[in-house]
Amino acid sequence: MLLVLYVIAITAEAMTAALAAGRRDMDWVGVSIIACVTALGGGTLRDVVLGHYPVTWVRHPEYLWITAGAALLTALVAPIMRRLRSIFLWLDALGLVVFTVIGCQIASGMQLPITVVLISGMVTGCAGGMLRDILCNDIPLLLRKELYASVSVVTGALFLGAQHLGLNLNLSMIGSMAVGLAFRMLAL
Amino acid sequence: MLLVLYVIAITAEAMTAALAAGRRDMDWVGVSIIACVTALGGGTLRDVVLGHYPVTWVRHPEYLWITAGAALLTALVAPIMRRLRSIFLWLDALGLVVFTVIGCQIASGMQLPITVVLISGMVTGCAGGMLRDILCNDIPLLLRKELYASVSVVTGALFLGAQHLGLNLNLSMIGSMAVGLAFRMLAL
Amino acid sequence: MLLVLYVIAITAEAMTAALAAGRRDMDWVGVSIIACVTALGGGTLRDVVLGHYPVTWVRHPEYLWITAGAALLTALVAPIMRRLRSIFLWLDALGLVVFTVIGCQIASGMQLPITVVLISGMVTGCAGGMLRDILCNDIPLLLRKELYASVSVVTGALFLGAQHLGLNLNLSMIGSMAVGLAFRMLAL
């Protein structure tokens, strides 16, 4: 379940990267790099700060290929799609809530204090998109819309609350992600 | 003593972050994030590069709350204060010299070579403010004023010199910070 | 051999940093900082992400002095030199291919999967120059020219291929770097 969600999230983030990079006429190596930084950067930063080695993609390099593949496919298909802006924001929001839950889950498994668990979710959820925006020279979504980092905090808090009340893991994940996603969508 | 100084420095840095973020109309989550990055980012970068785990705020999450609290209070009070620019520069200089001494102290305790100890002071002192400037899209103070990184080097060198001569720890800290602060103030 | 190449590469990267910083009227501390970040930043990022501690310059602080020295000398000499732009690009390309091979070599020695070895070469080769461009507020070369990261991938793949075929280490290094350099030069 967590694995399925993870693959969905890196695919979604890779697609946002391809859409952002596409607006700047980058070549395919550039698109792949931006996609990997966006999809795997948040998790890498979290692992490095928490000293949680080896980082995910060093142990599972196949995620690098999934990410690059999703990005290149998106770059090919993008010119014939419409409403790219709302697709971009929707995928970005999906990546945000899924990564937040995964980040909380990992820090939780390391027995870290609850504040650090929430920060871990926030870093995993927000940092990749932020790096994408910095590399593409866009104003970071994080600093533009007020309900972005807040969505991550709410999602993480709901997930931890549900876990604390002894709810089923999958239920806690789906529930907190659904609320977070709805919250983000309302803000747009 | 070191702890008292540390709390003063993160409070000062959090306040500079609130002042910088306030100029850009961020909401309170944004202000808290910028404050934590500014106040704790330099130390985190130092710990990650030196492999000094766990990083400070993972072990003491209360520092995250102090930082966010100081920033939000400052954001509330700022509109009724005058001469914000000089308060900003003064607080930033205070954070710079205190963090420099703390960074030197930590690397010193790890028995690292003296060049690395000075660099550790510089990273701890300068990196947080630099990240703040990058996130807020200001031109980094570090690259604008010539006597910024130099202040950190001088403060660190004086502190290590005083320690080498066998002076009392508290005296070495206070002395080197006072000279560094005077030096920075003269440069403005 | 690897050591000689390493010293050549950090010198070359330090010189590019001095040329870039010189265009912005930085003082000598600023130039030294930019030079160290450019020459040692890629390797530091690689070591931190791979958990390969201690990072190079913590164990060998003399590299910091070589870097700063090369940068300051370049800053002194630059005003009387001509054709700075092509010297800059040539030195940058040299640093790129040498660091790529070194990065692959280190990850290879840690028995990491081949995709990670190539990424390690790319991070070591490209990240320093990218940090330089971000700090100096230039548009990163990486995102501007299409044959930049690609040069790193080609150089790394040739090196690994040659090693896999059982060629002599020095021969593999020289050969892959020569092809990579030629490739980059053709792209300009």
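The values are calculated or read from the model by the stated rules, or taken from the named source; none is laboratory data. None of the values given here were measured: they were computed from a predicted structure. Methodologically, a virtual Cβ is constructed for each residue, glycine included, from the backbone with ideal geometry; neighbour enumeration extends over all protein chains shown. Surface accessibility is based on the protein's heavy atoms, side chains included, excluding ligands, DNA and RNA. Shrake-Rupley method; radii C 1.70, N 1.55, O 1.52, S 1.80 Å.
The helices (runs of 4 or more DSSP H) located wholly in the range A:57-164 that include 1 or more residues which are farther than 30 Å from C:Arg132 by Cβ occupy A:62-77, A:84-109, A:114-135, A:149-164.
Checked against (1) more than 17 Å from the chain's Cα centre (by Cα); (2) over 17 Å from C:Val49 (Cα atoms), A:Pro61 passes all but a single condition, namely (2). If B:Leu171 satisfies every condition in (1) away from chain C (no Cβ under 14 Å); (2) at pLDDT below 90 but one, which is the exception? Of the numbered conditions (1) away from chain C (no Cβ under 14 Å); (2) at pLDDT below 90, the odd one out for B:Leu171 is (2). Counting only residues that are part of a helix (DSSP H, G or I) and within 14 Å of chain B (Cβ to nearest Cβ), the range C:1-37 holds 14 of them. Once the range C:166-177 is narrowed to residues that are open to solvent by 60 Å² or more (accessible area, probe 1.4 Å) and assigned to a helix (DSSP H, G or I), the residue that is nearest to C:Ser86 (Cα to Cα) is C:Ile174.
For A:Gln105, the stated conditions do not hold, so it cannot be described as polar (S, T, N, Q) and surrounded by fewer than 21 Cβ atoms within 10 Å (Cβ to Cβ). When B:Leu45, B:Leu50, B:Leu3, B:Leu40 are checked against the criterion of being at pLDDT 95 or above, open to solvent by 50 Å² or more (accessible area, probe 1.4 Å) and not acidic (Asp, Glu), B:Leu45 stands alone in meeting it.
In the range A:89-102, what count of residues is obtained for those that are more than 14 Å from A:Ser176 (Cβ to Cβ) and crowded, with 19+ Cβ neighbours inside 10 Å?
As a first pass, look at the range A:89-102 and keep what is more than 14 Å from A:Ser176 (Cβ to Cβ): A:89-92, A:95.
Filter again for crowded, with 19+ Cβ neighbours inside 10 Å, leaving A:91-92, A:95.
Final tally of qualifying residues: 3.
Of the residues making up the range A:41-54, those that are within 10 Å of chain C (Cβ to nearest Cβ) and either within 18 Å of A:Gly95 (Cβ to Cβ) or part of a loop (DSSP other than H, G, I, E, B) (or both) are A:Thr44, A:Leu45, A:Asp47, A:Gly51, A:His52, A:Tyr53, A:Pro54. Within the option set C:Met122, C:Met110, being in contact with a His (Cβ under 8 Å, 6 or more places away or on another chain), open to solvent by 30 Å² or more (accessible area, probe 1.4 Å) and either acidic (Asp, Glu) or within 25 Å of A:Pro61 (Cβ to Cβ) (or both) holds for one residue only, C:Met110. Residue count for the range C:55-74 under the criterion of being open to solvent by less than 60 Å² (accessible area, probe 1.4 Å), out of contact with any Asp or Glu (no Cβ under 8 Å at 6 or more places or on another chain), within 18 Å of C:Thr124 (Cα to Cα) and within 9 Å of chain B (Cβ to nearest Cβ): the result is 3. Taking (1) within 25 Å of B:Leu181 (Cα to Cα); (2) modelled with pLDDT under 95; (3) not aliphatic (A, V, I, L, M) in turn, B:Pro79 satisfies each apart from (1). Applying the condition of being at pLDDT below 90 and away from chain C (no Cβ under 12 Å) to the range B:132-165 and asking which residue is most open to solvent (accessible area, probe 1.4 Å) yields B:Leu135.
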